[in-house]
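Report on one structure; see the data block that follows.
Just so it is clear, none of the values below were taken in a lab; they were calculated from the coordinates. Just so you know, these numbers come straight off a predicted model, no measurement behind them. For neighbour counting, all protein chains shown are included, and Cβ atoms are generated from backbone atoms with ideal geometry for every residue, glycine included.
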Amino acid sequence: MAKKILTELALPDAELSILLVDDVQIQELNRRYLNREKPTNVIAFPMGKGEFPVLQPHLLGDLAISVEKANRQSNRFGLDHAGMITLLMIHGILHLLGYDHEGTRKGGQEMAIKQKELLRKCRNI
């Protein structure tokens with residue numbers, strides 16, 4: 001599914017890692033790297049930022065996805081468990097590409113539109 005998402009984004013050669021974790025593990029990552037004291041559904045660690053972003057141009061970064069949080073949120077989004085994991089992958093990949101829903105309303109709208117478009121395409125496989 002990640003390959004399909006990257007292909008839809010015209011990034012067929014891009015690479016990323018995906019770590020599936022539980023709430024305890026993602027809460028620890030959230031606390032350690034983002035100074036937030038709660039579990040979340042997905043955390044993106046982009047490789048395109050920092051000191052040497054051009055060393056590996058195809059390497060987008062890492063995603064950590066809480067499968068427990070995804071399971072709890074799936075009904076709210078009208079998705080089964082696999083569909084919710086796909087949505088969180090899309091959300092995380094968009095963050096790796098620089099999309100940001102927390103900064104501005106416009107950014108949030110752009111990200112939401114792209115997310116819906118990609119989810120629709122992924123569900124039509």
Review point. Rounded to the nearest 5, what % of the DSSP beta bridges within the chain are antiparallel ones?
Key: 40 percent
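Among 106, 116, rank each residue by its count of other Cβ atoms within 10 Å, from fewest to most, as a rough exposure measure. Don't jump to the answer; show the numbers that get you there.
On the way: 106 8, 116 12.
Final ranking by Cβ density, sparse to dense: 106, 116.
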Point to revise | Spin-label pair residue 7/residue 38, simplified geometry with 7 Å Cα→Cβ offset, distance in nm | key: 3.8 nm
Review point. Taking only C-alpha pairs under 8 Å that are 6+ residues apart, what is the relative contact order of the range 74-125 in percent?
Key: 30 percent
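Which whole-number percent is the relative contact order of the chain (Cα, under 8 Å, 6+ apart)?
Details: 174 pairs, mean separation 31.5, N = 125.
Relative contact order here is 25 percent.
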Check your understanding: How would you rank 100, 62, going from fewest to most other Cβ atoms within 10 Å of each one's own Cβ?
Key -> 100, 62
Revision key, fill the gap. Magnitude of the Cβ-charge dipole (Lys and Arg +1, Asp and Glu -1) of the chain about the Cα centre, nearest 20 debye, reported as 460 debye
Practice item. Choose one answer from 107, 61, 92: the residue with the largest mean-square fluctuation in a GNM of the chain with alpha-carbon springs under 10 Å. Key: 107
Revision key, fill the gap. Over its alpha-carbon atoms, the range 54-125 yields an Rg and a Dmax in Å of 13.1, 41
Review point. In the P(r) worked out for the chain, what percent of Cα pairs fall beyond 25 Å?
Key: 21 percent
Practice item. For residue 72 paired with residue 19, estimate the spin-label separation in nm (one decimal), with each label point 7 Å from Cα along the Cα-to-Cβ line. Key: 2.0 nm
